[in-house]
Amino acid sequence: MKIDHVLDAKGLACPMPIVKTKKAMDTLTTGQVLEVQTTDKGAKSDLTAWAKSTGHELIDFKEEGSTFIFYIQKG
Amino acid sequence: MTEQKKRTTIVLFSGDYDKAMAAYIIANGAAAYDHEVTIFHTFWGLNALRKEEMVPVKKGFLEKMFGKMMPRGADKMGLSKMNFAGMGPKMIKNVMKKHNALTLPQLIEMAQEQDVKLVACTMTMDLLGLQEKELLDNIEYAGVAAYLADAEDGNVSLFI
């Protein structure tokens, strides 16, 4: 998988991960992939819901220790 | 995108730090959801828009008293519960720092950055004796009709 941009949102609390993800997504073009790293426990539900309603696709998700990593493809 | 954006409208009536925080977190989240967001500030919620510094304006006695008794700006607002005469906000700000949560003034700044429309209700500004010069720059002034115009095709509408 080709990752076009990596967003480090570790240590940030709600609503910052989602705000930063949106900002980063705005700089990408359709089909490009954004990697988001976060430690906020609510982020899994948040980013999944966000991707769904804003027309992007969450293509993969993994946990590394206390970090959650999301791969979102711009729709 | 040509399709109409979704809309979130929030009425911020409360002048409590915690409630205003909730309002601004939702507003910032909604802006990230690509909604057009409006926060309509009325009554005590207007204090969130006050500038921190003293602005010299001409006022009557009652208005002056109101101005003195109300918090000057978002950072000075009290908590809705466990305020403990001002100790509560100090404690919660400490905890927020530890958890890396944004403070209310930061949330307001972020909202402005995200083009959230901040509106001050002019009727209640008159009641509380607040003048435009005392409130933040780049906000709008309106009444109930402007709020309803935003809210009637709103998808999310809250009163806090």
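Checking region B:133-147 against the condition returns a match, with at least one residue being at positive phi and more than 14 Å from chain A (Cβ to nearest Cβ). Pairs meeting the criteria (first residue in region B:30-58 and within 14 Å of chain A (Cβ to nearest Cβ), second residue assigned to a strand (DSSP E or B) and polar (S, T, N, Q), beta carbons under 7 Å, at least 6 apart or on different chains) are B:Ala30/B:Thr8; B:His35/B:Thr8; B:Val37/B:Thr8. Just checking, does region A:34-53 include any residue being over 25 Å from B:Lys5 (Cβ atoms), out of contact with any Leu (no Cβ under 6 Å at 6 or more places or on another chain) and β-branched (Val, Ile, Thr)? Yes, region A:34-53 contains a residue that is over 25 Å from B:Lys5 (Cβ atoms), out of contact with any Leu (no Cβ under 6 Å at 6 or more places or on another chain) and β-branched (Val, Ile, Thr).
Kindly indicate the residue of region B:3-19 that is away from every other protein chain (no Cβ under 14 Å) and not in a strand (DSSP E or B) and also modelled with the lowest pLDDT among those meeting that condition. Filtering region B:3-19 for residues that are away from every other protein chain (no Cβ under 14 Å) and not in a strand (DSSP E or B), the one modelled with the lowest pLDDT comes out as B:Gln4. For region A:40-66, the set of residues classified as surrounded by 12 or more Cβ atoms within 10 Å (Cβ to Cβ) and either away from chain B (no Cβ under 14 Å) or among the aromatic types (Phe, Trp, Tyr) (or both) consists of A:Lys44, A:Trp50, A:Glu57, A:Leu58, A:Ile59, A:Asp60, A:Phe61, listed by residue number. Restricting A:Met16, A:Met25 to residues that are over 10 Å from the mean Cα position of the chain (by Cα) and among the hydrophobic types (A, V, I, L, M, F, W, C) narrows the list to A:Met16. Here B:Asp34 meets the list (1) crowded, with 20+ Cβ neighbours inside 10 Å; (2) under 23 Å from B:Ala146 (Cβ atoms) almost entirely, failing just condition (1). The set of residues in region B:65-104 being away from chain A (no Cβ under 14 Å), surrounded by 10 or more Cβ atoms within 10 Å (Cβ to Cβ) and either closer than 21 Å to B:Leu136 by Cβ or acidic (Asp, Glu) (or both) consists of B:Phe66, B:Gly67, B:Met70, B:Pro71, B:Arg72, B:Gly73, B:Ala74, B:Asp75, B:Lys76, B:Met77, B:Gly78, B:Pro89. Say whether the condition of being under 15 Å from B:Ile39 (Cα atoms) and out of contact with any Ser or Thr (no Cβ under 8 Å at 6 or more places or on another chain) is met by at least one residue in region B:91-100. For region B:91-100, residues under 15 Å from B:Ile39 (Cα atoms) and out of contact with any Ser or Thr (no Cβ under 8 Å at 6 or more places or on another chain): absent. Comparison of A:Ile69, A:Ile3 shows that the only residue that is over 23 Å from B:Asp115 (Cα atoms) and out of contact with any Asp or Glu (no Cβ under 6 Å at 6 or more places or on another chain) is A:Ile69.
B:Asp150 passes every criterion in (1) under 27 Å from B:Leu62 (Cβ atoms); (2) surrounded by 18 or more Cβ atoms within 10 Å (Cβ to Cβ) apart from (1). So which residues in region A:1-39 are on the phi > 0 side of the Ramachandran plot, within 12 Å of chain B (Cβ to nearest Cβ) and modelled with pLDDT of 95 or more? None; the set is empty. Can you find a residue that is more than 17 Å from the chain's Cα centre (by Cα) and at negative phi anywhere in region B:101-112? Yes - at least one qualifying residue is present in region B:101-112. For the condition more than 27 Å from A:Thr38 (Cβ to Cβ), crowded, with 16+ Cβ neighbours inside 10 Å, among the hydrophobic types (A, V, I, L, M, F, W, C) and touching a helix residue (DSSP H, G or I) at 6+ places or on another chain (Cβ under 6 Å), B:Leu136 qualifies.
The values are calculated or read from the model by the stated rules, or taken from the named source; none is laboratory data. Here the structure is a predicted model, which means the values were calculated and not measured. Heads up, the Cβs are rebuilt from the backbone with ideal geometry, glycines too, and the neighbour counts pull from every protein chain shown.
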